[in-house]
Amino acid sequence: MTEPAPPLEIAHLLTERRVALNLRVRDKRGLISELARLAASDTPEVGATVIEQALQARERLGSTGLGAGFALPHARVEGLHRFVGLFVRLPRPVDFEAIDGKPVHTLFTLLIPAEAADHVGILAAIARRFRDPDLRAKMHAVRTPAEALALLTAA
């Protein structure tokens, strides 16, 4: 009998290359397009179009804007072989149809392999981290991807 895999943590999902601190976009559609482009640059097995279509399809089911300026866009992606995370901070918030009606300026994107059995736990863990107002304030103050990564992966 095989042992279950240990739960994924942010440190397993994110690299400095997948942290963008001043991404400039005009609207939600442009933001999702940029998220797909950023993810595709670090996931050669899947193209930006496939990622963008998966994220757009998930958003059509309901916004992943969780409130307090934070969104957690996520989607299952055909052809992806591992979980992939992106952290993005926007210099100018955009309307993301969030649950509280406020624009979004901080996002964590999670791309999930299509055949992955369970991803709800990692989504919940990410949402809990960003519910912390101290973390959100610190993430606004970071100046480099390395600083952002250190904050997000601190125990």
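Starting with the fewest neighbours, write out T153, T64, T106 ranked by other beta-carbon atoms found within 10 Å of each beta-carbon.
Numbers: T153 13, T64 25, T106 19.
Starting with the residue having the fewest Cβ neighbours, the order is T153, T106, T64.
If R0 is taken as 35 Å, the Cβ-Cβ distance between S41 and I99 corresponds to a FRET efficiency of 0.70. Evaluating 6.51 cos²θ - 1.76 cosθ + 1.60 at θ = phi - 60° for every residue in region 107-121, the Karplus couplings come out as 9, 10, 9, 10, 9, 10, x, 4, 8, 5, 6, 9, 10, 5, x Hz, glycine and proline recorded as x. Along its principal axes, the chain has C-alpha extents of 48, 34, 27 angstrom, given from the largest down. Taking amide H as placed 1.01 Å from N in the peptide plane, the amide H of H74 sits under 5 Å from that of L110, each at least 5 places away or on another chain. Once backbone amide H atoms are built at 1.01 Å from N, A98 has no partners under 5 Å, excluding neighbours fewer than 5 places away on the same chain. Gaussian network model of the chain, Cα springs within a sub-10 Å range: biggest mean-square fluctuation belongs to which of P93, P44, P73? Top of the fluctuation ranking is P44.
Taking the convex hull of the Cα atoms, report for region 41-118 its projected area averaged over all directions, in nm².
Details: hull surface 21.3 nm².
With the hull built on Cα positions only, its mean projection is 5.3 nm².
The stretch between A150 and D118 holds 8.9 nm of extra length on full extension. This uses 0.36 nm per residue minus the Cα-Cα distance.
Taking the average, over residues, of other Cβ atoms within 10 Å as the packing measure, peptides 107-116, 135-144 rank 107-116, 135-144 from highest down. Applying the Karplus relation 6.51 cos²θ - 1.76 cosθ + 1.60 with θ = phi - 60° to region 78-90 yields 3J(HN,Hα) values of 4, x, 7, 9, 8, 5, 9, x, 9, 10, 9, 10, 9 Hz, where x marks Gly and Pro. With the simple spin-label model, which puts each label point 7 Å out from Cα in the Cβ direction, the E9 to R131 separation comes to 2.0 nm.
Taking θ as phi - 60° and the Karplus parameters 6.51, -1.76 and 1.60, the scalar couplings of region 17-34 work out to 5, 9, 10, 10, 9, 9, 6, 9, 9, 9, 7, 4, 4, x, 5, 4, 4, 5 Hz in sequence order, x denoting glycine and proline.
For region 11-153, relative contact order (Cα pairs under 8 Å, six or more residues apart, normalised by length) works out to 27 percent. Label positions at E78 and R92, each projected 7 Å from the Cα along the C-beta direction, are separated by 3.6 nm.
Readers should treat all values here as calculations from the given coordinates under stated rules, not as data from a laboratory. Keep in mind that this is a model prediction, so the values were computed, not measured. Note that each Cβ is placed from the backbone with ideal geometry, even for glycine, and that neighbours are counted across all protein chains shown.
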